[in-house]
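Since the structure comes first, as structure tokens, the remarks are kept for the end.
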Amino acid sequence: DRRQRQMCIRDRYIDPNKKIYIAYSGGADSSALLYLFSELRHSHSIEVEAIHVDHNLSPDNNIWESHCKKACSELNIILHTKAVHIDVDGDGLESAARKARYKVFSDILKEGEQLLLGHHANDVTETILLRMFRGTGIDGLEGPALTRSVGKGVLIRPLLDLTKIELLEYLKDNEISFIEDSSNFESFQDRNFIRNDIIPLIEKRWTNISSRIQATAEIIRDRNKSYSYLLEKSFKHLIKNEIPVQDLRKLDSEILIDILRASIREQNISLPNKKITKEIIKTFILSRPGPRSEVSWSRDDQDLPGGRTIYKDGCIVILKK
């Protein structure tokens, strides 16, 4: 049917010759993804396994893991399970859990292997609204990245064009059971507040808001690609992890900022917010930096690591935090 055609393998992004792992929590989104690719194994001759991460944050952890083991056993899919300890250490709980989860993914994936996540159009809406409320730049309005590296492998979100309703219809039509995480209905976390309170209010006036925002995100993504191409064409010699400070001081501030952000993005590091970006310019461009000069940042709304900038041999050096 139409949904299954939409959910099929995207030849541009998924390599059928490399192993595919499904990040499988047992929830609705990852269940739809798991069962879809279980079917596609045969028609596309692909190798599919699943990964379940136990965050040790709920008394129902054992129930979720048992559900995942049962489902994978019935589908004859290998399931890798890993329990992690969440160390908040200055980060929010959601950010700390994400870091622990992606550490598991990075440890499992070998060169070129693929990790698929069940994020969908509603997740795009939640992410963009969350970033807007926190003062994101235009890059943040693209929403979650369709692909990016994770460890030695590649992370792919193949369901971003689909809404939550479409995924639930797929599960219902195919009689697929899933676990409902009761914490998703608790609105004290920012993302849950947006999901449970803000989006339903918006949809009372504007329907299909997730599809509308997803379409806008795609337009912004295309625009950003065009701009990035033009920026790199003109300043390729400066877009790298070590940038001569004297060269940056010759540029207009707007171009300087874009070169810094492009260089940070190239290192697969989360982009700093406006306040941190100003601090980087103040520390390294407007002042006299020295061996102890450093600016660091982390972002709890992205799945990329935080970063830091230091001064070395006349250059701003960009590193992971």
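The values are calculated or read from the model by the stated rules, or taken from the named source; none is laboratory data. Everything numeric in this text was worked out from a predicted model, so none of it was measured. Every residue, glycine among them, receives a Cβ derived from its backbone with ideal geometry; neighbour counts consider all protein chains shown. Just so you know, the surface numbers come from the protein's heavy atoms only, side chains and all, with ligands and any DNA or RNA stripped out. Shrake-Rupley method; radii C 1.70, N 1.55, O 1.52, S 1.80 Å.
Annotations
- Acute angle (nearest 10 degrees) that the helix 93-108 long axis makes with the longest principal axis of the chain, alpha-carbon atoms: 80 degrees
- Lysines with Cα under 22 Å of Lys82, excluding same-chain neighbours fewer than 8 positions away: Lys19, Lys69, Lys70, Lys99, Lys103, Lys110, Lys152
- Average accessible area per residue (Å²) across the chain - probe 1.4 Å, nucleic acids and ligands excluded: 54 Å²
- In Hz, Karplus ³J(HN,Hα) per residue of the stretch 190-195 (6.51, -1.76, 1.60; θ = phi - 60°; x = Gly, Pro): 4, 5, 5, 4, 5, 5
- Think of the stretch 51-153 as a dipole: +1 on every Lys or Arg Cβ, -1 on every Asp or Glu Cβ, centred on the Cα centre; then among Leu109, Thr136, Val124, Leu109 lies furthest on the positive end.
- Along its first, second and third principal axes, ordered by size, the stretch 64-189 spans 46, 34, 31 Å in Cα coordinates.
- Proximity of backbone amide H atoms, modeled 1.01 Å from N, is registered between Val150 and Leu155 at under 5 Å, excluding neighbours fewer than 5 places apart on the same chain.
- Inter-part distance, the stretch 257-321 to the stretch 126-191, computed on C-alpha centroids, equals 27 Å.
- In the stretch 106-208, chymotrypsin sites (Phe, Trp or Tyr not before Pro) in a DSSP loop with at most 15 other beta-carbon atoms within 10 Å: Phe188, Trp206
- Computed from Cα positions, the angle between helix 274-284 and the longest principal axis of the chain comes to roughly 40 degrees.
- Computed over the chain, relative contact order equals 15 percent, with contacts defined as Cα pairs under 8 Å that lie 6+ residues apart.
- Over the chain: helical MRE at 222 nm, DSSP H runs n ≥ 4 each giving -39500 (n - 2.57), nearest 500: -13500 deg cm²/dmol
- Net charge dipole, the stretch 165-237: roughly 700 debye, given to the nearest 20, about the Cα centre with Cβ charges of +1 for Lys and Arg and -1 for Asp and Glu.
- In the stretch 109-170, the GluC sites (Glu not before Pro) that fall in loop regions by DSSP, at most 10 other Cβ within 10 Å: Glu111
- With every protein chain in place, the chain: carbon and sulfur % of accessible area (1.4 Å): 50 percent
- Put a dot 7 Å past the Cα of Ala145, heading toward its Cβ, do the same for Thr81, and the two dots end up 3.2 nm apart.
- Annotation: amide H of Ile316 within the under-5 Å range of Ile243, Val245, sequence separation 5 or more or interchain, hydrogens built in the peptide plane.
- q = 0.11, 0.14, 0.20 Å⁻¹, the stretch 166-269: log10 I(q)/I(0) [Debye, one scatterer per Cα]: -0.66, -0.82, -1.04
- Taking θ as phi - 60° and the Karplus parameters 6.51, -1.76 and 1.60, the scalar couplings of the stretch 140-156 work out to x, 6, 6, x, x, 5, 5, 9, 6, 7, 9, x, 8, x, 10, 9, 9 Hz in sequence order, x denoting glycine and proline.
- Folded to 0 to 90 degrees: helix 164-173 orientation relative to the chain principal axis, Cα: 20 degrees
- For the listed peptides 216-222, 232-238, 99-105, a ranking on the average number of other beta carbons within 10 Å per residue, highest first, reads 99-105, 216-222, 232-238.
- Mean sequence separation of contacting Cα pairs (under 8 Å, at least six apart), scaled by the length of the stretch 238-298, corresponds to a relative contact order of 32 percent.
- Exposure rank, largest accessible area first [Ile14, Ile138; 1.4 Å]: Ile138, Ile14
- Modelled this way, with points 7 Å down the Cα-to-C-beta line, the labels at Tyr229 and Asn192 are 4.4 nm from one another.
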